[in-house]
Structures are given as structure tokens and as C-alpha cells.
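Asks: I have a structure I would like to understand better, so I am pasting it below and will then ask my questions one at a time.
Each reported figure results from applying straightforward, stated rules to the coordinates on display, with no laboratory input. The structure presented is a predicted model; accordingly, all values stated were derived computationally and were not measured. Because the Cβ atoms are built from the backbone with ideal geometry, glycine has one as well, and the counts that use them run over all protein chains shown.
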């Protein structure tokens, strides 16, 4: 299950419960995860993994960058190396928020809330495409998102499905379309009492 | 009653401090006119060397010019560093040993940034060491080494400078490879302790030896330099052989210092001639082949001078092309951050150990000790301090 994958060092766990966790870190800009990225974090002393989705990334106040921004103009050849340092090398202070959608152990993936939040975190790992493909093979990973009012669930659902679909079939192929149809049917069953919300999500999937 | 600083009780002292600062500034400005005139009319460097007596006491050292450029020389840099230039900024940070913590240890973290002027992104470097052995924590008198921690950090910084200079040299970068550390290059401690004599100073000088072999130019950067060596030199030039002022009415300047003098003398971008301080520590440096010279440089803008002191070994300062490379590169590095070199700002950032870092380290230590069946906790004093 645990293939080599990009990892994000954790400076400080700001908050953690079984629904979500928020961590502070300093990482170079290219390594900052994007909205809707699947990540995993060890729980139960490494015996299991919490699987979650990045739903918020906040850049913390960076006085050093503010000082520099007052002097450096984008594209100035005199400061090419400094601009590259800030963009590619310098770790920026960020807060990353992750919502739990499943957990994994030696028996496989289990959709829903994990048994424990991450207690001590040194790193969280970005899930590999193979891991995402297996995790998203059933639409049940969407259920914790639908039930969570504390995250931008609709945008997250749309983003995750758009990114997961190509892992289940080449875009435009029958398998690709079938995957999105299956997800749409699942959402229709779950959001039957919220037709406007369902319509919004389905329209975004079609776009 | 909750502890706090009662500022209203300090109001009289605050007023006195501000009054004293104002008086000091007024006195310095009054003295400045004379001192600037003394500088403009100073004798030749050779005459200054000949007539300046050795200091009576440590701390009274007079700065001496060792080259033949007039003291009034203002040296300029090139427009930009060469594309082959490399400057390595190095800084260090530490966690001091604390008897009240859950375990006795100390940490030294050094950070560096290798900055190449070839369009590539710089290379960050971080190295941390956790020390916990008894012989590392206590000195020969059985005292905690808290006072020696800064010295060990200084040596660790120089060792990293050497390691990175070796790495850069292996890339075929032409000399000089510039290394820049934050603070004086002249060993800034007393030199009297057993550990300094036995281990630290030999390690420090060994780093200089290696940097010289590598074609590296180590420089120490001191912002807001204290010191009056140049002022004292100029005063000495006003005395006759009996030690009395040659001109009636001239008095020893008490308020103006080198920084203020240079702020009014050097235009933005200019540096002074090389000077040296004939101190006991510099003599010790000299016995190992690395006497330290220094100059002042204005890294500010018109109307906003920022004077820094640059310290380099004599064998580097004597090379005009190397001095020019250092001067030019430093100007470029300091332009963006109001006089603070970019590589040093980033090295500091990489070296920094925050309170959060320390808390995370202690949390992990605590966990590991518990796993081994050791129940430890900080002292009650330390625990209760955290309430505030």
C-alpha cells in the first residue's frame, strides 16, 4: 500500500480530531499541495493510515517576503537568483487543512471516519495515483464529505472526481464516462433532498 | 497580583535614558565636525603606524592602517558581481542546556545558503546536532557549558563554511569563493578558557587554514559595529610626543564612534581602507597565520547610511581583486534588505530554532523516554513558567 510518494514535513499540528486535522509547515512553494489532493497520515502508532483530502491551504504572515516584495520587481534580471530562491527553494509558512474520508490498514480501505486522529505527525504523504485509484474505485469516499458542513464539500467533491476519473479510464472513453455516471448516481441518491445542490455539482462535473 | 512590568514605575528612568541618549547624540554631532577634519588632514599611513603607541590596556586598541592608501580613500565596487561568483552565507542557532527541562542536552543548528550568480536557484543547507553526553555538557570544573555554547556554535559555523566551500570548489568555481558569517571573524571570546585553548581555537584556525587552501575568502559581517579604533587613531594623530594635543582646545572625543564617522564619510556603496586592531586576540590569530583586517562599508542609500564592518584575514585583504569581489557582491546582497545581506538573512532563517521546534523536540524526547520506561518531566519551576 505504501509506495514512495512526495511527503510534506510537519512543523506543528495545530488541531486534530477524527474528522480533520490542521498542520503548520514550512515548505517550498512547488511542494505546497493543491486543493483536493489526497494525503495520508499515520494513526494508531503506525498500524493504520488516515486518508484525507486537502481542503484549505493558508499562507501565514511572512514578514521576510513582504520586505523583499517592496524591493524586487518580478522578472528583474539583477535578482533572478533571489526570485528563484523565493519561488523554488524557500520554505513558505503554510497551514494545511485535511478532512478525513477513510482509513487504511492491513485489511484495506475503510470509508468513513478513522478510529483515531493522528496523534504525532512528522510528515504527511501525498497519495500515489495507484492509491487514489483504489481509494476512489467506490464512490463511498464521498459520504464523509457530504456530511461535513465545515469544509467546502461541493467544490471538493467536484475537484476530486475530475481528478480521479482519468485514473479509471482514458478521458472520453466508456470507462471514464461510466465512472462519472456511477458517481453521479451515488450523489443523486444522497442529495435527493437537496436538488439544487445536486444540480450544481453535476453541472460542474459536466463542464 | 499577576506579574507584569509596571511601566509607570520606570517612567523616571525611561526619561533619564532618553535624555542621556539625546545628550550623547548632541555631543557626538559636536565632536563629529572635528573628527572629520582630523580624518581629512590625517598623516600618511606610514606616519600613523610609526607614531601610534601600543595600547596601555586591552580595549584601548587603536585601529591601524597597514597598507599605504591614505585614510581618506573611498573605494568603490564594480556594477555587479561576475556570473561566476559564489557567496555562501552561514549562520547558527542553539538550544541551551536547561537543568529544568525533562532531559539535559543542547542543540546546535547551522544553516547556510549557497548563492551562485549564474541564474540558478540557491542551495539551502541545514545541519543540526543534539549533544547529551556528560563530557559535552559540563566543563572541566563541573559547570554546565552554557557560556561556551556560543563558541561551539561559532566553530560549527566555520566548519560548515569549509564543507560547503569544498563542495563548491569541486564544481570548478573560480576563486575566490566567498563565505560570509554573521558577526566578527576575529575570535570574539576571551580565549582564556581551557576548552578554547584545547579544542575550539585550534578547530577555528584549522577552518581558516582549509578555507585558504580552497581559495575561499571568509568574511565576518558586523552590522551596527561598535568600536572607536579609528577615532582613537585620529586622536593619536593630534597628539605630540608628550601625549598632549598639538592644538589648544582639542579634546579627546568621548561620544562619536567609528560608525557615526563613517556614516558621514562614506557615500552609499563605498568602503574604507583596510585597518587592523593590534589586540592580544589578533596577535593570537597572527601566530596561526590569520591576522584579521577590517574595513567599513556603507550599504545604505543616500541620506540613510548603513555602516557595517567587514572582517577578513590579512591574506585575503591583501588581494585587491578578492577585496573588490567581496565588496561588489556584498553590495548586491545588501541592496534588497536595507543593508542586511540576503544570504545572511536566509542562513539565519535556515538556522533558526523556534520555540515551536523546541517544543516538538521535547515532545518527542518525552515520548521516547516513556517508551523506555522512564517517567520524566520538566521541573515544577519550568512547568509553571509556561503558564506565563
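Asks: If a paramagnetic tag sat 7 Å from the Cα of residue B:246 along the Cα-Cβ line, which residues of region B:9-48 would have the backbone N under 11 Å from that point?
Replies: The answer is B:41-44, B:48.
Asks: Can you give me the angle between helix A:174-190 and the longest principal axis of chain A, using Cα atoms only, in degrees from 0 to 90, rounded to the nearest 10?
Replies: Once rounded, the angle reads 80 degrees.
Asks: Using 0.36 nm times the number of residues separating residue B:213 and residue B:254, minus their current alpha carbon distance, what extension gain do you get? Mind dumping the intermediate values first?
Replies: Details: separation 41, 0.36 × 41 = 14.76 nm, distance 4.28 nm.
Roughly 10.5 nm would be gained on extension.
Asks: Quick one: if you stick a label point 7 Å off each Cα along the C-beta vector at residue B:79 and residue A:147, how many nm between them?
Replies: Inter-label distance under the simple model: 6.8 nm.
Asks: Classify region B:56-189: rounded, prolate or oblate, from the alpha-carbon gyration tensor (a ≥ b ≥ c, eigenvalue square roots; a/c under 1.5 rounded; otherwise prolate if a/b is larger than b/c)? Can you show the working numbers first?
Replies: Values: a/c = 3.20, a/b = 1.38, b/c = 2.32.
Oblate is the answer for region B:56-189, as a/c is 1.5 or above yet b/c matches or exceeds a/b.
Asks: Report the FRET efficiency, 1/(1 + (r/R0)^6), for residue A:196 and residue A:140, where r is their Cβ-Cβ distance and R0 is 22 Å, rounded to 0.05. Don't skip to the answer; put the middle values down first.
Replies: Details: r = 24 Å, r/R0 = 1.07.
Efficiency computed from Cβ-Cβ geometry: 0.40.
Asks: At residue B:194 and residue A:47, where each label point lies 7 Å from the Cα along Cα→Cβ, what is the point-to-point distance in nanometres?
Replies: 5.2
Asks: Using 0.36 nm times the number of residues separating residue B:41 and residue B:375, minus their current alpha carbon distance, what extension gain do you get? It would help to have the intermediate numbers written out before the result.
Replies: Details: separation 334, 0.36 × 334 = 120.24 nm, distance 7.21 nm.
Additional length available on full extension: 113.0 nm.
Asks: Round to the nearest 10 and give me the degree value, 0 to 90, for the angle of helix A:195-206's Cα axis relative to the longest principal axis of chain A.
Replies: 70
Asks: If the elastic network links every pair of Cα atoms under 10 Å, which of A:97, A:71, A:137 fluctuates the most in the Gaussian network model of chain A?
Replies: Maximum among the listed residues: A:71.
Asks: Any idea how far the Cα center of region B:250-328 sits from the one of region A:64-96, in Å?
Replies: Centre-to-centre (Cα) distance: 31 Å.
Asks: Then there's this: Please compute the contact order of region B:187-272 in relative form: average sequence separation of alpha-carbon pairs under 8 Å and at least six residues apart, divided by the residue count, as a percent. Each step should come with its number before you reach the end.
Replies: Working: 34 pairs, mean separation 19.7, N = 86.
Once divided by the residue count of region B:187-272, the mean separation gives 23 percent.
Asks: Then there's this: Which one, B:114, B:145, B:375, has the greatest fluctuation when you compute a Gaussian network model over chain B with C-alpha springs under 10 angstrom?
Replies: B:375
Asks: Sort B:232, B:127 so that the residue with the fewest other Cβ atoms within 10 Å of its own Cβ comes first and the one with the most comes last. The partial results should precede the final answer.
Replies: Values: B:232 20, B:127 16.
Exposure proxy ranking, most exposed first: B:127, B:232.
Asks: On a 0 to 90° scale, report how tilted helix A:153-164 is relative to the longest principal axis of chain A, with both axes built from alpha carbons and the result rounded to the nearest 10.
Replies: The answer is roughly 90 degrees.
Asks: Within a 10 angstrom radius of each residue's Cβ in A:80-89, how many Cβ atoms of other chains show up on average? Whole number is fine. Present the calculation step by step, with values, prior to reporting the outcome.
Replies: Details: counts 5, 10, 9, 1, 4, 10, 3, 1, 3, 6.
Per residue, the average neighbour count from other chains is 5.
Asks: Inside 10 Å of the C-beta atoms of B:133-139, what's the mean count of C-beta atoms belonging to other chains? If you can, show how the numbers build up before the last one.
Replies: On the way: counts 0, 0, 0, 0, 0, 0, 0.
What the average comes to for B:133-139 is 0.
Asks: Under 10 Å, Cα contacts only: if you run a Gaussian network model on chain A, which one of A:148, A:107, A:12 comes out with the highest mean-square fluctuation?
Replies: A:107
Asks: Taking each residue in B:116-126, count the Cβ atoms of any other chain within 10 Å of its Cβ, then average. What number comes out? Don't jump to the answer; show the numbers that get you there.
Replies: On the way: counts 1, 2, 2, 4, 5, 12, 8, 2, 5, 0, 0.
Per residue, the number of nearby Cβ atoms from other chains is 4 on average.
Asks: Just check the protein assembly as shown against the gyration tensor rule for me: Cα atoms, a ≥ b ≥ c as the square roots of the eigenvalues, rounded for a/c under 1.5, and otherwise prolate or oblate depending on whether a/b exceeds b/c. Walk me through the numbers on the way to the answer.
Replies: Details: a/c = 2.45, a/b = 2.08, b/c = 1.18.
Cα axes put the protein assembly as shown in the prolate bin.
Asks: Separate question: When the chain is fully extended, how far beyond the present Cα-Cα distance does residue A:176 get from residue A:107, taking 0.36 nm per residue of separation? Show your work: numbers first, answer last.
Replies: Details: separation 69, 0.36 × 69 = 24.84 nm, distance 2.75 nm.
Here the segment from residue A:176 to residue A:107 would lengthen by 22.1 nm.
Asks: Oh, and also: Over chain B, what is the relative contact order in percent, taking alpha-carbon pairs closer than 8 angstrom and at least six residues apart?
Replies: Details: 645 pairs, mean separation 91.4, N = 388.
It rounds to 24 percent for chain B.
Asks: At a Förster radius of 60 Å, what calculated FRET efficiency corresponds to the Cβ-Cβ distance of residue A:84 and residue B:12, to the nearest 0.05? Don't skip to the end; give the middle numbers.
Replies: Numbers: r = 54 Å, r/R0 = 0.89.
Approximately 0.65, to the nearest 0.05.
Asks: Additional query: Relative contact order for chain A: what percent, with Cα pairs under 8 Å and sequence separation of 6 or more?
Replies: Details: 340 pairs, mean separation 50.6, N = 207.
Once normalised by length, the contact order is 24 percent.
Asks: Further question on the same structure: Roughly speaking, what is the centre-to-centre gap between region A:178-207 and region A:101-164 when only Cα atoms are used, to the nearest Å?
Replies: Each part reduced to its Cα centre gives a spacing of 18 Å.
Asks: How many nm separate the modelled label positions at residue B:318 and residue B:26, each set 7 Å beyond the Cα in the direction of the Cβ?
Replies: 4.9
Asks: So what's the back-of-envelope 222 nm ellipticity for chain A, counting only DSSP H runs of four-plus at -39500 (n - 2.57) apiece and dividing by all residues, rounded to 500?
Replies: On the way: 7 runs with 64 residues, N = 207.
Here the helix-only value at 222 nm equals -9000 deg cm²/dmol.
Asks: OK, next. Given a Förster distance of 25 angstrom, what is the FRET efficiency for residue B:104 paired with residue A:119, based on the Cβ-Cβ distance and rounded to 0.05?
Replies: On the way: r = 26 Å, r/R0 = 1.06.
After rounding, the FRET efficiency stands at 0.40.
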